[in-house]
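Visitor: Structure below; questions to follow.
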C-alpha cells in the first residue's frame with residue numbers, strides 16, 4: 001500500500017447548468033469530513049449514487065471560494081485506471097459551515113439515470129421486441145439519454161417480443177425496470193446509464209467483463225488495476241441463499257374481458273324450482289347480451305352496485321362485488337333459465353422449475369411458491385414471461401460472495417460487469433464441493449469508500465452465473 005502503491009490520479013470536473021467544466025480536484029476530501037466520500041452501485045434497478053466531499057478553506061480571503069449550483073453535472077475520472085468512476089448530476093449540494101473561514105460541501109449525486117427519473121413516457125406497444133420498445137420510449141422522453149441497438153453500435157441487447165405492453169404516464173426509468181422484468185424469461189436483464197449518457201440494457205449472459213480478478217491469493221506488489229486483493233478478517237462471506245428459492249411462480253395480471261356469443265352455449269344455466277328468485281353468476285359481468293326463460297327471450301336490466309333495481313328480471317351486483325340474476329317473481333318450477341353475458345376474468349400464468357423441486361425435495365415436495373399480482377401485465381404471454389423470469393432467477397439457491405478489496409487495487413469495476421473469482425478458501429458446488437473456486441461472477445452491488453490520498457476500498461456483492 002503506501003510506500004509501494006502509487007497514489008491514484010483522480011480528477012473531479014463539475015459543470016454548472018449552462019456553464020463549462022471546472023476542475024475541483026484539489027478540493028476533494030477523501031476522509032475525515034462531516035460526510036464521507038462514497039459511491040453506491042446496484043445493477044438494473046436504479047441509478048448509481050455518490051457522495052462527493054469538498055473542503056473550502058478560505059482563510060485570508062474576502063469570501064468563500066466554492067459555490068456548487070444544484071443540478072450541476074459531475075464527472076470523477078481516474079487517470080491511473082483510465083476510467084470514469086462516476087458521472088451524473090448533483091441533486092442535493094449541502095453547504096456545511098465548519099468555521100468562520102472553513103466550509104465543507106457534501107454533494108449528493110445520482111448518475112445520469114436522474115434524467116430518466118424525471119422524464120414521463122406513455123404508449124401501447126403491440127408485437128414489438130423489448131429492445132425496440134426501449135429505443136422508442138427513450139427517444140420519446142428526449143431527456144438527453146441515448147439508446148441504440150448493439151447491431152447499430154449501441155448497447156441495447158436483443159430481447160424477447162411482447163404481444164402487448166402498455167405504459168400509462170410513467171417515468172422512463174420505471175419503464176426500463178418493467179421491461180427488464182418482462183425480458184427476463186430465460187436470463188435476468190438489467191440496465192445502467194454510462195458516463196456518456198448512453199443506456200446499456202442486457203442480460204447476464206451479455207454482461208461486459210470488468211477485466212478484474214478478485215482473489216485471496218494476490219500476486220505481485222505495488223498495486224494493480226486488474227487484480228483485487230480480498231481483505232480477510234471477516235470481510236469475506238460466501239452464501240448459499242435458500243431464503244429466496246422460488247420454483248413455482250403464479251402471476252396474476254390485469255383482467256381481460258371474455259365476450260359472449262349468443263349462438264353458442266349460454267354462460268350460465270339453471271332449472272327453476274318454483275320458489276327461488278335469485279341465482280349467483282359465475283363471473284364478473286361487463287355486459288348482458290341475452291336472457292331466455294323456457295326458450296323465450298326476456299328483457300333484462302343490468303344494475304350496478306348501489307343503484308336501484310327495476311324490472312321483472314335484473315342482473316345486479318351486491319355490496320361485496322358478487323353478481324346475481326334476480327327475478328321479481330319466481331318462475332314456474334322446471335323452466336330453464338339461460339343467460340349470455342360478457343365477463344371479466346384475471347390473467348393468470350404459472351411456471352414450475354421441476355429440476356429445482358427435485359433437488360430441494362422435502363415434506364413440501366420441494367415446492368416453494370411465489371404469488372405476484374401485477375396489473376401492468378395485460379396478456380397471458382406477458383404474465384407467463386414474468387413467471388418464467390422469476391423462476392429463472394430464483395429457482396436455485398443463489399451463490400453470492402461479499403468481499404472487501406484492499407487499497408492496493410487501483411482498477412475499477414461497476415455493478416453489471418463480471419469479475420473472475422479465484423480462491424482456494426471456498427468450496428466449489430459445481431465440482432463435488434472440492435475446495436477451491438475459479439469462476440465468473442456478476443457484480444450486483446458495489447459500495448466504494450475512500451481512504452486517504454484517494455485510495456479506495458470496494459465492498460462488493462457478486463452472484464455466480
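Visitor: Would you pick out the residues in segment 392-406 that are in contact with a strand residue (DSSP E or B) (Cβ under 8 Å, 6 or more places away or on another chain) and not in a loop (DSSP other than H, G, I, E, B)?
Guide: 394, 398, 399, 400, 401, 402, 403, 404, 405
Visitor: If a residue has to be touching a residue at least 60 places away in the same chain (Cβ under 8 Å) and loosely packed, with under 13 Cβ neighbours inside 10 Å to count, how many in segment 306-347 make the cut?
Guide: Matching residues across segment 306-347 total 4.
Visitor: May I ask you to list the residues in segment 248-269 that are modelled with pLDDT under 95, part of a loop (DSSP other than H, G, I, E, B) and surrounded by 15 or more Cβ atoms within 10 Å (Cβ to Cβ)?
Guide: 260
Visitor: Starting from residues that are over 28 Å from residue 7 (Cβ atoms) and in contact (Cβ under 8 Å) with a residue 40 or more places away in the chain, keep the ones in segment 225-244 and report whichever is surrounded by the most Cβ atoms within 10 Å (Cβ to Cβ).
Guide: Across segment 225-244, the extreme among qualifying residues is 238.
Visitor: Which residue out of 369, 402, 418 is modelled with pLDDT of 95 or more, within 29 Å of residue 7 (Cβ to Cβ) and surrounded by fewer than 17 Cβ atoms within 10 Å (Cβ to Cβ)?
Guide: 402
Visitor: Given 87, 81, which one is surrounded by 17 or more Cβ atoms within 10 Å (Cβ to Cβ), under 32 Å from the mean Cα position of the chain (by Cα), modelled with pLDDT under 95 and not in a helix (DSSP H, G or I)?
Guide: 81
Visitor: Exactly one of (1) surrounded by fewer than 16 Cβ atoms within 10 Å (Cβ to Cβ); (2) over 22 Å from residue 126 (Cα atoms); (3) in the same structural domain as residue 127 (by TED's automatic domain parsing) is unmet by residue 219. Its number?
Guide: Single failed check for residue 219: (3).
Visitor: Testing residue 135 on (1) outside any strand (DSSP E or B); (2) touching a residue at least 40 places away in the same chain (Cβ under 8 Å); (3) out of contact with any helix residue (DSSP H, G or I) (no Cβ under 6 Å at 6 or more places or on another chain), one condition comes back false. Which one is that?
Guide: (2)
Visitor: In addition: Can you tell me which residue in segment 407-422 is nearest to residue 226 (Cα to Cα), limited to those that are part of a strand (DSSP E or B) and over 25 Å from the mean Cα position of the chain (by Cα)?
Guide: 409
Visitor: Need at least 2 residues that are touching a helix residue (DSSP H, G or I) at 6+ places or on another chain (Cβ under 7 Å) and under 30 Å from residue 166 (Cα atoms) per element, so show me which strands (runs of 3 or more DSSP E) inside segment 314-391 make the cut, counting only ones lying wholly within it.
Guide: Once the strands (runs of 3 or more DSSP E) in segment 314-391 are filtered for at least 2 residues that are touching a helix residue (DSSP H, G or I) at 6+ places or on another chain (Cβ under 7 Å) and under 30 Å from residue 166 (Cα atoms), what remains is 336-352, 369-373.
Okay, residues lined up against (1) surrounded by 16 or more Cβ atoms within 10 Å (Cβ to Cβ); (2) modelled with pLDDT under 90; (3) out of contact with any strand residue (DSSP E or B) (no Cβ under 6 Å at 6 or more places or on another chain):
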| position | (1), (2), (3) |
| --- | --- |
| 185 | yes, yes, yes |
| 188 | yes, yes, yes |
| 195 | yes, no, no |
| 202 | yes, no, yes |
| 223 | yes, yes, yes |
| 246 | yes, no, no |
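Visitor: In addition: Would you pick out the residues in segment 117-132 that are surrounded by 16 or more Cβ atoms within 10 Å (Cβ to Cβ) and in a loop (DSSP other than H, G, I, E, B)?
Guide: Within segment 117-132, just 119 meets the criteria.
Visitor: Could you list, in sequence order, all residues of segment 424-465 that are assigned to a strand (DSSP E or B), touching a residue at least 40 places away in the same chain (Cβ under 8 Å) and exposed (fewer than 14 other Cβ atoms within 10 Å of the Cβ)?
Guide: Correct list: 424, 425.
Visitor: Continuing with this model, one more query. Kindly provide the set of residues from segment 114-132 that are over 18 Å from residue 378 (Cβ atoms) and touching a helix residue (DSSP H, G or I) at 6+ places or on another chain (Cβ under 6 Å), ordered by number.
Guide: 116, 117, 119
The values are calculated or read from the model by the stated rules, or taken from the named source; none is laboratory data. If you're wondering where the values come from, they're calculated on a predicted model, not measured in any experiment. Glycine also receives a Cβ, built like all others from the backbone with ideal geometry; neighbour counts cover every protein chain displayed.
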